[in-house]
Structures are given as C-alpha cells and as structure tokens.
1. Among the residues of region 416-446, which ones are more than 26 Å from the chain's Cα centre (by Cα) and among the basic types (Lys, Arg)?
2. Scan Thr351, Thr337, Thr317 and give me the residue that is in a helix (DSSP H, G or I), assigned by TED's automatic domain parsing to the domain that holds Ile78, among the hydroxyl-bearing types (Ser, Thr, Tyr) and under 30 Å from Arg425 (Cα atoms).
3. Which residues, taken from region 113-140, are exposed (fewer than 14 other Cβ atoms within 10 Å of the Cβ) and more than 21 Å from Val270 (Cα to Cα)?
4. Are any residues in region 442-468 assigned to a loop (DSSP other than H, G, I, E, B) and within 14 Å of Ala395 (Cβ to Cβ), and if so, which ones?
5. For region 435-468, give me each residue that is of a type in the set (Asp, Glu) and touching a strand residue (DSSP E or B) at 6+ places or on another chain (Cβ under 9 Å).
6. Which number in (1) surrounded by 22 or more Cβ atoms within 10 Å (Cβ to Cβ); (2) in contact (Cβ under 8 Å) with a residue 40 or more places away in the chain; (3) more than 30 Å from Met71 (Cα to Cα) marks the one condition that Ala370 misses?
7. With the requirement that a residue be of a type in the set (Phe, Trp, Tyr) and more than 20 Å from Ala303 (Cα to Cα), what does region 409-468 give you?
8. Test Glu52 against the stated conditions and say whether it is assigned by TED's automatic domain parsing to the domain that holds Gly343 and either of a type in the set (A, V, I, L, M) or surrounded by 16 or more Cβ atoms within 10 Å (Cβ to Cβ) (or both).
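The values are calculated or read from the model by the stated rules, or taken from the named source; none is laboratory data. Being a predicted model, the structure only gives us computed values, none of them experimental. Methodologically, a virtual Cβ is constructed for each residue, glycine included, from the backbone with ideal geometry; neighbour enumeration extends over all protein chains shown.
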Amino acid sequence: MDAPVVIVGAGPVGLMLAGELRLGGAGVRVLERLAEPSGESRASTLNARTMEIFDQRGLVERLGGPPPNDMRGHFGGIPLDLSGTPTPYPGQWKLPQPRTEELLGEWASGLGAEVRRGVRVRALRPGPDHVEVEADGPGGPTTVRASYVVGCDGEESTVRRLGGFAFPGRDARRELLRADVAGVDVPDRRFERHPEGLAIAARRPDGATRVMVHAFGRRARERTAAPGFDEVVEVWKRVVGEDLSGGTPLWVNAFGDTARQAERYRAGRVLLAGDAAHRQMPVGGLAVNLGLQDAVNLGWKLAAVATGRAPEELLDTYHEERHAAGRRTLAAIGAQTEVLLGGPETGALRTVLAELVGMPRVRGRLAASAGGLDVRYGTGSDGPPPLGAHIPPGALGGAGAAALRAGRGVLLHPDGAAGPVVHDRVETVRGSVDGAPVLVRPDGHAAYVGGDADGLGAAARRWFGGPV
C-alpha cells in the first residue's frame with residue numbers, strides 16, 4: 001500500500017485523526033485540496049471534553065498552557081453558567097482555528113504523519129482489500145492505494161459523495177451572516193435581540209471585530225459562493241442601525257440551520273468524520289468539538305485494525321458510538337436554533353426557558369451537554385457509572401496519563417503494577433473509580449468496570465484485539 005490510511009482533509013478533524021493513527025502505529029497520508037491553510041478562524045471555541053482530550057495527548061502543554069476561557073455559555077442565546085461542571089476545564093476555551101490547525105499539524109507531523117497539499121480527490125475505487133484514491137496534485141494526476149480512506153473534508157465532502165453515503169435531513173431555512181471586520185468601532189454584543197433580528201459582535205485581541213447577524217423572517221439563500229461584505233453591511237444596518245461600510249472585511253461567510261447526518265459513518269473501507277458525517281448550525285462551537293471527538297473515537301480503533309491487531313468489526317463500534325452522539329448533538333442544536341433565530345413569537349418560550357436554566361439541576365445538565373461531558377458509549381449508557389463514560393484526567397494519575405498520551409489503554413487497579421496484566425497495549429497502574437478497577441480505552445472512556453479477571457480479559461480482547 002502507498003499508505004495504510006488516507007485522510008482527505010487537513011482541517012482540525014483530519015489532523016487530529018492523523019495524530020491518533022500515528023499514536024496507534026498506523027501509517028497515514030493526509031490529502032488537502034488547499035495549497036495553504038485558509039487562515040480563516042471559523043471555529044474558535046473548544047469545550048471541556050475537547051480540552052480534556054488535548055490534555056491527555058499533551059497538547060495543552062504544547063500550547064504553553066490553557067488558552068483564555070469564558071464561563072459564560074448559552075442555550076439558544078439564553079445565558080448559561082458553565083462553572084461547577086466535573087472537569088478541570090470548565091467553560092469555553094478560545095483558540096483560533098488557525099492556531100488549532102497549526103498545533104495539530106505540528107503534533108501529527110512530529111509523529112510521522114505525511115500531509116500533502118494542493119491535492120484534489122476526484123475518484124474512489126474500492127477493491128477487496130484496498131481503496132484506490134485518484135486525485136489531481138501539483139505534479140498532475142496521481143493514484144494512492146490505501147487500506148482505508150477517511151473523509152474529513154467538511155460539509156461538502158467529496159468522499160461522502162464518491163462513497164455513496166446517504167445524507168438525510170433538511171436544508172437550511174434560516175441563516176446568519178458572519179464576518180471578521182477591521183477598522184470598525186461597534187459595541188460588543190452577546191446575542192442582542194432587536195425588533196428586526198439578532199446581532200452579535202466581539203472585538204478580538206488583534207483589533208478586528210467578529211460580527212454575526214440574522215434578520216427575522218429572512219430565508220436562507222441558495223449560495224454557490226460566500227456573500228459579499230455589502231450584504232453584511234445592509235443586514236447589519238437593518239437590524240442594528242449601525243454602518244459597517246467603512247470597515248475592511250477580512251473574510252465573510254454565511255451559515256444556516258441545515259441539519260443532516262450520514263446514515264452510516266462507515267461503508268466498507270471508507271469512513272466519514274466531522275462535518276463530512278454531519279452538518280449542523282455551529283451553535284456554541286459544538287460542530288468542531290463533535291468532529292474532534294469523532295477523530296479521537298476512530299483513531300485508535302482504525303490504527304488497531306489497519307495494523308492487523310484487531311478485527312474489522314471494531315470499526316463498527318465507531319459508527320454505533322459516534323452516530324448516536326452526533327444524533328443527540330444535532331437534536332440539541334435544533335432546539336437551540338429555534339430559540340435563537342425565532343422572532344418575537346418565541347418570547348414566551350424564551351421566558352420559560354430562562355427560568356428553567358436558572359434551576360441548578362437544569363443548568364448542570366445543560367452545562368454538561370455543552371461541555372461534551374455527558375457522552376456515554378455502548379451498553380454503558382444503560383449501566384452504572386462510569387461504564388461507557390469518560391474518565392476525568394485527574395483519576396488517571398501520572399502513570400495513567402503517560403499511557404494515554406502514548407495512545408495506550410489503562411487499567412486502573414487498586415494493586416497498581418501488582419494487578420493483572422490484561423493486554424500488551426494496556427498499562428496497569430494504581431488507581432480506581434469509587435474503589436473499583438476500571439479498564440480505560442485510549443480515548444479515555446471506560447470499557448469495563450470491576451475486578452473479575454475473565455470480564456477484564458474479554459473486554460481487553462474486544463477493544464484491543466489479540467495481544468501482539
């Protein structure tokens with residue numbers, strides 16, 4: 001094979017997946033159609049669970065410490081306090097997308113991932129034990145032969161189209177216009193509602209201002225290109241009454257309330273992750289975090305299969321786990337969109353929701369959901385915690401954290417190194433959760449809880465394959 005795994009798309013999701021695959025020992029080549037990173041910072045919010053993942057991979061240290069964060073979240077524009085959630089990283093963490101891509105690109109490349117830019121994929125040809133990827137690159141047409149191909153190429157995914165993935169759902173009905181503008185002086189606004197629409201503005205540290213605006217009742221448009229800045233100026237003037245025309249647009253785009261999800265995240269040797277697998281309105285940064293967590297769920301599994309350590313059936317758990325997580329997130333985004341973009345007719349609903357959000361149990365539930373802390377996988381969703389749930393970094397101790405950083409599994413056991421050896425890809429370290437041993441997968445989720453030797457062994461074989 002030219003590359004055991006080919007990833008199409010070098011955005012945050014593709015680069016995260018590339019690093020995860022290399023941690024698992026799989027060779028990977030990333031094909032990106034852009035000759036250079038776009039520099040656009042569309043996704044700049046990391047939630048608590050993503051920050052935990054960055055921590056367990058040593059990426060927070062690479063940043064020089066956690067980026068700025070904000071405890072002020074929202075549910076459909078209604079203020080939501082994110083403090084007090086059970087995580088060392090409560091709140092929303094502000095990291096511009098170019099910096100995220102730079103961080104993940106350096107990490108993945110340092111582990112041996114190969115990134116090739118200026119390569120546009122035009123055909124996929126699946127075979128019995130491989131996929132041929134035909135593309136046009138800087139040197140002309142090229143063909144790459146891979147064991148597996150993963151589409152991380154965004155909302156208009158070429159891999160999704162070429163792979164024949166069904167993508168049911170609905171198209172956008174409403175949209176927000178968004179722009180980063182230099183040379184304007186307007187007040188910061190946080191989901192400010194006006195009689196004519198919704199306006200958001202935030203001055204960035206570099207002096208540019210990000211503006212977002214929606215005019216109530218304005219339908220989403222069929223677009224083949226980004227809107228012009230004059231459209232942003234016109235709608236902002238209509239809603240807010242301020243003139244942005246003297247500013248300089250750094251970039252402009254529009255995003256709508258499209259809601260679609262691939263029926264399957266896997267079709268044989270072709271898989272999807274991130275916005276290629278699900279398309280949604282990016283409310284509260286949920287979209288990029290959902291995609292990064294897709295990559296972390298898939299990476300160690302695909303590495304184990306691609307290197308021959310585990311059977312192909314392990315990849316089916318990627319679809320099972322992440323399709324369910326995506327479905328829940330799309331439902332939450334859909335609810336928020338109705339509240340956020342609804343006109344005056346939603347006033348009574350917003351009043352009731354604001355009262356509910358003020359209740360501690362409701363606030364805690366919504367804050368955990370916004371932080372990605374409520375995801376539980378497999379049968380664990382019906383069993384006692386923490387089976388299927390993520391294990392907070394603090395429970396792992398130094399040795400456990402080091403094992404996860406290397407992409408290995410961890411057995412937290414009260415006897416420490418004197419405890420059972422369950423697999424050559426699992427480190428046994430001292431620890432427990434509520435006194436019970438816990439087998440932790442490389443993505444930080446609990447695969448088995450309890451000290452039964454046969455149960456631990458079966459769980460280790462299921463998730464890590466046969467010992468090498």
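1. First, the residues of region 416-446 that are more than 26 Å from the chain's Cα centre (by Cα): 416-424, 427-437.
Hit for region 416-446 is Arg430, nothing else.
2. Values: Thr351 fails: under 30 Å from Arg425 (Cα atoms); Thr337 fails: under 30 Å from Arg425 (Cα atoms).
Just one listed residue meets the conditions, Thr317.
3. Of everything in region 113-140, those that are exposed (fewer than 14 other Cβ atoms within 10 Å of the Cβ) and more than 21 Å from Val270 (Cα to Cα) turn out to be Pro138, Gly139, Gly140.
4. Pass one, region 442-468, residues assigned to a loop (DSSP other than H, G, I, E, B): 442-444, 450-452, 465-468.
The answer is Gly444, and nothing else.
5. Here is the first cut: in region 435-468, the residues of a type in the set (Asp, Glu) are 443, 452, 454.
Selection gives Asp443 alone.
6. (3)
7. From region 409-468, those of a type in the set (Phe, Trp, Tyr) are 448, 463-464; that's our starting set.
Across region 409-468, the qualifying residue is only Tyr448.
8. Numbers: assigned by TED's automatic domain parsing to the domain that holds Gly343: yes; either of a type in the set (A, V, I, L, M) or surrounded by 16 or more Cβ atoms within 10 Å (Cβ to Cβ) (or both): yes.
Considered against the rule, which asks whether it is assigned by TED's automatic domain parsing to the domain that holds Gly343 and either of a type in the set (A, V, I, L, M) or surrounded by 16 or more Cβ atoms within 10 Å (Cβ to Cβ) (or both), Glu52 comes out as yes.
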